[in-house]
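Presented below is the structure to which this report refers.
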Amino acid sequence: MTYTMLRATPDDAACLKEIAVAAKGYWNYAPEWMARWEQLFQIKRDDIEQYQVYKARHGAATIGWYSIILRGTTALLDDLWVEPAHIGKGVGRMLFDHARQTAQSIGACRLELEADPNAVGFYQHMGATIVGEVDSAMGRKLPIMELLL
């Protein structure tokens, strides 16, 4: 399949949230948990303008996206989501590789992320290592992972 990477625009906010919710739902979380998570999850139009937010497209459809927030020399991979129908087809790898290149191009020497427990294996496969953990707004601990650039 052919994919295109484009900078997201504020008009993409609703679509990006739909992808994130669908991707989180891929892991079969309880409906109550998903409803709470969906209320907490925000992607603001201003954030899309301010941060590095890119979307993956297949034809006219947006099928995944990521966002990076630069903090000094650390790039926080704040989001990386793939439409469930495209999981396992290389879209996640493409998004991660693009995010790594973007982080390097804006001066980061380290990529950091808080991983959903179901995604730890993917990020380890991409070269990230667990360096700690953090309490999440959902009341569980999430691994903090990093990749030196």
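Have a look at the range 87-133 and give its Rg and Dmax from the Cα atoms, expressed in angstrom.
Radius of gyration, then largest Cα-Cα span, for the range 87-133: 11.2, 30 Å.
Could you tally the net charge around Glu83, taking each other residue with its Cβ under 13 Å from the Cβ of Glu83, Lys/Arg +1 and Asp/Glu -1?
+4
Which order do Asp79, Asp47, Asp97 fall in if you start with the one that has the fewest other Cβ atoms within 10 Å?
Asp97, Asp47, Asp79
Which order results if Thr102, Thr129 are arranged by neighbouring Cβ count within 10 Å, fewest first?
Thr129, Thr102
Can you pull the semi-axes for the range 49-140, root of five times each eigenvalue of the Cα gyration tensor, sorted largest first, whole Å?
20, 18, 13
GNM, the chain, Cα, under 10 Å: largest mean-square fluctuation among Val131, Val82, Val120?
Taking springs between Cα atoms under 10 Å, the residue moving most is Val131.
About the Cα centre of the chain, what is the dipole size in debye to 20, counting +1 per Lys and Arg Cβ and -1 per Asp and Glu Cβ, all else neutral?
Working: 15 positive and 18 negative charges, 61 e Å.
Here the size comes out at about 300 debye.
To the nearest Å, what is the center-to-center distance of the range 102-149 and the range 18-75, using C-alpha atoms only?
15 Å
Mean residue ellipticity at 222 nm from the helices of the chain, using -39,500 (n - 2.57) per DSSP H segment of n ≥ 4 over the full residue count, to the nearest 500 deg cm²/dmol?
Mean residue ellipticity at 222 nm (helix-derived): -10000 deg cm²/dmol.
Just so you know, all these numbers are worked out from the coordinates, no wet-lab data involved. Note that the structure is a prediction, hence the values are computed from the model and not measured. Cβ coordinates were reconstructed from backbone atoms using ideal geometry, including for glycine residues, and neighbour counts include every protein chain displayed.
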